[in-house]
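Scroll down for the structure; my scribbles are underneath it.
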Amino acid sequence: MDGIAALIEAFVHRRAEAPLYGLVLAGGESRRMGRPKWALDYRGEPQAQRTARLLGAVCARVFLSVRPGQAVEGLPEVERIEDRFPAWGPVAGILSAMEAHPEAAWLVAACDLPFLDAPTLEALVAGRDPLKIATAYRSAHGGLPEPLCAVWEPRARQRLLQAAGIGMTCPRKVLIESAPRLLDLANPSALDNANTPAEYESARAALRPAAQP
């Protein structure tokens, strides 16, 4: 019976698993940084381009999430999805992607993660549970879910809409209340972000001696 149950579970998982697309969140206004975070250069290329390249290794398609009318030069090969929702922050980008391609699950990555690496994304995809609303990492700084390097399943769309409708536009809070699958980070610094000029310079200094990915 155990063998039959395992086969049934594997079949259900395969049936539930949607195709995986990548989404680079680049629509923020970068007020604290003072310039677009997507364009920051840590390793000789815009950070959004590097993030898209990393996502492209594990996703069938990759898109750039942008505000309506936002100018994003230098990334001609990355398809765009413009926000279709009010100023809901990252939730607007995630929901807009889900509206554009409701058949897909989305590996969402913020464009302010200079230490993000291929093994972190590969482990996230390998640990994905399509029967959950999402698969995410536990933060290395407190253990809460990391919503902006996570796989959001199609079933998350309705939950995000409901949450935004009552004013809950923090994707982390949605995950906290939705029992996602949570994974531990092998590289504790992989999801450290850079939101200010000082953090940018600190990240650049930390990455300078590192080998190119």
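The values are calculated or read from the model by the stated rules, or taken from the named source; none is laboratory data. This one's a predicted model, so the numbers in the text were calculated from it and none came from an experiment. We place every Cβ from the backbone using ideal geometry, glycine too, and count neighbours over all the protein chains shown.
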Of everything in the stretch 11-37, what is more than 14 Å from D129 (Cβ to Cβ), of a type in the set (G, A, S), at pLDDT 90 or above and in a loop (DSSP other than H, G, I, E, B)? Give them in sequence order. A26
From S139, S96, which residue is small (G, A, S), more than 29 Å from A203 (Cα to Cα) and in contact (Cβ under 8 Å) with a residue 12 or more places away in the chain? S96
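State which residue is surrounded by the most Cβ atoms within 10 Å (Cβ to Cβ) when the search covers only the stretch 171-183 and only residues that are in contact (Cβ under 8 Å) with a residue 24 or more places away in the chain and outside any strand (DSSP E or B).
P171
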Can you pull out the residues in the stretch 84-102 that are among the small types (G, A, S), within 16 Å of V24 (Cα to Cα) and out of contact with any Gly (no Cβ under 7 Å at 6 or more places or on another chain)? G89, A92, S96, A97, A100
Filter result (farther than 19 Å from P36 by Cα, buried (at least 24 other Cβ atoms within 10 Å of the Cβ) and touching a Phe, Trp or Tyr at 6+ places or on another chain (Cβ under 6 Å)) within the stretch 96-137: A97, W106, A134
Across the stretch 59-106, what is the total count of residues that are over 22 Å from E122 (Cβ atoms), out of contact with any Ser or Thr (no Cβ under 6 Å at 6 or more places or on another chain) and aliphatic (A, V, I, L, M)? 9
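Among the residues of the stretch 184-213, which ones are of a type in the set (S, T, Y) and in contact (Cβ under 8 Å) with a residue 12 or more places away in the chain? Spell out how you get there, then give the answer.
To start, the set of residues in the stretch 184-213 that are of a type in the set (S, T, Y) comprises 189, 196, 200, 202.
Across the stretch 184-213, the qualifying residues are S189, T196, Y200.
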Among the residues of the stretch 40-52, is any out of contact with any helix residue (DSSP H, G or I) (no Cβ under 9 Å at 6 or more places or on another chain) and either closer than 19 Å to A150 by Cα or among the aromatic types (F, W, Y) (or both)? yes
Only one residue in L64, L113, L95, L54 is assigned to a loop (DSSP other than H, G, I, E, B) and aliphatic (A, V, I, L, M), so which one is that? L113
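Considering only residues that are of a type in the set (D, E, K, R) and not in a loop (DSSP other than H, G, I, E, B), look in the stretch 38-51 and name the one that is nearest to A105 (Cα to Cα). Can you show your working first?
Restricting attention to the stretch 38-51, the residues satisfying the condition of being of a type in the set (D, E, K, R) are 41, 43, 45, 50.
Remaining after also requiring not in a loop (DSSP other than H, G, I, E, B): 41, 50.
Details: D41: 29, R50: 21 Å.
Out of the qualifying residues, it is R50.
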